[in-house]
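The values are calculated or read from the model by the stated rules, or taken from the named source; none is laboratory data. What you see is a predicted model; the values in this text were computed from it and never measured. Cβ placement follows ideal geometry from the backbone for every residue including glycine, while neighbour counts extend to all protein chains displayed. Note: areas computed on protein heavy atoms with side chains; ligands, DNA, RNA excluded. Shrake-Rupley method; radii C 1.70, N 1.55, O 1.52, S 1.80 Å.
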Amino acid sequence: MTSTNLNQNLLQRRTKLIGKHSPLFYDEPLQLVKGEDVWVFDQNGKRYLDVYNNVPHVGHCHPHVVKALTDQASTLNTHTRYLHENIVKYAERLTATFDDSLDMAMFTCTGSEANELALRIARYSTGGTGIIVSDFAYHGNTEAVAELGTAFMAEAKATRRVRSIPIPDSYRGIEGVPADQLADAYAEEVRKTIAAFEADGIKVAGILVCPDFANEGLLNVPHGFMEKAVALVREAGGLFIADEVQAGFGRSGKHMWAHQMYDVVPDIVTMGKPMGNGHPLAGIVSRSDLIDPFAEASMYFNTFGGNPVSCAVGMAVLDVLEQEHLLENAITTGQYLSDQLRKLQDKYSLIGEVRSLGMFFGVELVSDRDSKTPAPDAARKIINLMKQKGVLISTIGKHNCILKLRPPMPFQPEHADILISTLDEVFATVNQEYSA
Ligand SMILES: Cc1ncc(COP(=O)(O)O)c(C=O)c1O
């Protein structure tokens, strides 16, 4: 059988058992069998540059992380009902990366569970139920968290306790509002949303957003918006929950946590994905005056969350971030790559805007720069052609027209060069077809 036939066979078996709606990337799905650093390999040994995956944060199969995992897994794995050094050491190291007020940690296995726990704490401690989200957010898959996915989830349609605000987007903005008034205009949407909750007799429990609005398209948030939005929510008695599941662990380069780019400290921070470099490890960090009363009223136990193996892995990820200076690399390589992307923007009219934050990039494709008409077909064609040429990227955003470039953190300028020359070849073939 040829490799295409082999993949088709696997796909058919998968569809039968896992279902046809379980999402897959690419028109011809890819079978990956091995990973190393910023590279992944298919079943034929073909190598792909990974410019998409943030879960293998410190690099695919990093030896230090794998060793920490196997050492602890071959010594003991239990759960948090026994004393163990690892969970305490890890919580100490993790909380030390936050503002002093965020002094306690709780561990889960997924980002969804972390957000679910944050919602429970926020609702318990404020006595409110209303949660404000942005209107193209994804925060996970449990029932209460699905209610937050106002663009994707059936549960969100039926809920009264979640309302969304427009995405705070400096690129597309609000018609008729000058750029320097956008922060106020978007904050006004928060004020109206609070008023709408109150008119329905619903008290606000909080605002829950990803600080870099990653799923929304890695937006350039109008300066001052977050601070104004949080102030309004706090005035109404709610909390600020920062979902750092995608944004955290130094991806933004200048800060360990993306919310640290704003002049406001969250009440609860949730995290996951890169936390265990692929091992299921997630959690929250918050203030003891919120966690203690909640935990007294409502016992929280998670069979796998915070176990000795997970915490050993979590500490190994922090070790590598420090030892390999990966935040610094996100700044320098990130700057290098964003400069190169901007050169492509000068060359190809299809590129409406290039956005970057450390080692995270969004390239918004438009068929016309004046009308900013989204170009999702071009985006789809580009990611498939890039894959054929051995570079993995994907798309995001409300219109699915934003190229999402979010490689493992050890990504180097030499990898950026491969990415840029491949993008250049691909844009040269598609720009004219999709651009006005
Ligand atoms: C911002 C954000 N929050 C939460 C989640 C949910 O995390 P998990 O899939 O680990 O439950 C995701 C997953 O994509 C996410 O992107």
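Which one, 41, 186, 258, is farthest towards the positive end of the dipole of the chain when Lys and Arg carry +1 and Asp and Glu -1 on their Cβ? With unit charges placed on the Cβ atoms, the residue in question is 41. Packing-based ranking of 151-163, 262-274, 18-30 yields 262-274, 151-163, 18-30, ordered from highest to lowest mean Cβ neighbour count within 10 Å. Each DSSP beta bridge with both residues in the chain is either parallel or antiparallel, and the antiparallel ones are about 65%.
Rolling a 1.4 angstrom probe over the protein heavy atoms with all chains in place gives the chain an accessible area of 44 Å² per residue. Think of each Lys and Arg Cβ as +1 and each Asp and Glu Cβ as -1; about the Cα centre, that makes the dipole of the chain roughly 1320 debye.
The C-alpha radius of gyration of region 63-323, expressed as a fraction of 2.2 N^0.38 Å, stands at 1.01.
Between residue 299 and residue 104, full extension at 0.36 nm per residue minus the direct alpha carbon distance yields a gain of 68.6 nm.
Region 360-434 and region 319-342 have Cα centres lying 20 Å from one another.
Length gained on full extension, residue 177 to residue 196: 4.6 nm, using 0.36 nm per residue less the C-alpha separation. The sum of -39500 (n - 2.57) across all DSSP H runs of n ≥ 4, divided by the residue count of the chain, sets its helix-only mean residue ellipticity at 222 nm to -13000 deg cm²/dmol. The distance between label points at residue 33 and residue 71 comes to 3.1 nm (points 7 Å beyond Cα on the Cα→Cβ vector). Taken along the Cα-to-beta-carbon direction at a fixed 7 Å, the label points for residue 347 and residue 15 span 3.8 nm. Relative to the globular-protein estimate of 2.2 N^0.38 Å, the Cα radius of gyration of the chain stands at 0.98. In summary, the lysines within cross-link reach of residue 389, defined as a Cα separation below 26 angstrom excluding same-chain residues under 8 places away, comprise 34, 46, 343, 347, 381, 404. The packing ranking of peptides 172-179, 363-370, highest mean first, is 363-370, 172-179, where packing means the average number of other beta carbon atoms within 10 angstrom of each residue. For region 63-323, with all protein chains in place and a probe radius of 1.4 Å, 52% of the accessible heavy-atom surface sits on carbon or sulfur. Compute log10 of I(q)/I(0) for region 1-117 with the Debye formula, placing one identical point scatterer on every Cα and leaving out solvent, at q = 0.10, 0.23 Å⁻¹, to two decimals. Debye curve over Cα of region 1-117, log10 I(q)/I(0) at q = 0.10, 0.23 Å⁻¹: -0.54, -1.33. Which lysines have a Cα lying under 17 Å from the Cα of residue 192, excluding residues fewer than 8 positions away in the same chain? Once the sequence-local lysines are set aside, what remains near residue 192 is 203, 228.
Could you calculate the FRET efficiency of residue 120 with residue 384 from 1/(1 + (r/R0)^6), where r is the beta carbon distance between them and R0 is 51 Å, rounded to 0.05? With a Förster radius of 51 Å, E is 0.80.
Sorting 126-136, 387-397, 336-346 by their mean Cβ neighbour count within 10 Å, with the most densely packed peptide first, gives 126-136, 387-397, 336-346.
Semi-axes of the equivalent ellipsoid for region 211-262, computed as √(5λ) from the eigenvalues of its C-alpha gyration tensor and ordered from largest down, come to 20, 12, 10 Å. Computed from phi, the 3J(HN,Hα) profile of region 34-42 under the Karplus parametrisation 6.51, -1.76, 1.60 (θ = phi - 60°) reads 7, x, 7, 6, 9, 10, 10, 10, 8 Hz, with x in place of Gly and Pro.
For region 388-436, the ratio of Cα radius of gyration to the globular rule of thumb 2.2 N^0.38 Å stands at 1.28. Approximating the spin labels as points 7 Å out from Cα along Cα→Cβ, the residue 96-to-residue 368 distance works out to 5.7 nm.
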